[in-house]
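Below is one structure, written out as structure tokens; the observations come after it.
Just so it is clear, none of the values below were taken in a lab; they were calculated from the coordinates. Just so you know, these numbers come straight off a predicted model, no measurement behind them. Here the Cβ is made from the backbone with ideal geometry for all residues, glycine too, and neighbour counts use every protein chain on show.
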Amino acid sequence: MGTPTGFTYRAHIDGSVAITHQGKAAGILRGSKASKFLAEASSTDSTGLQQTMARLTGNYKHGNEKCASEHSGNEAG
């Protein structure tokens, strides 16, 4: 599985954090989630931050997408 890339974030005056992925809105964090994210963002490297943003926005792969068609419950017909 590859490392997530293309995520950026912007902290707003109201305390919220907007996360984008490749220039498109991916999510908004508010309240305690935003505070925790900003604290983590200031103390982690860029790879860890990319992974955190991917996890928080749901834009990540689980590693099993290609295998789904092989499961007996996913047969067409």
Exercise. Under a point spin-label approximation (7 Å from Cα along Cα-to-Cβ), what is the residue 51-residue 5 distance to one decimal in nm?
Worked result: 1.7 nm
Problem set entry | Spherically averaged projected area in nm², based on the convex hull that wraps the Cα atoms of region 14-63 | 3.8 nm²
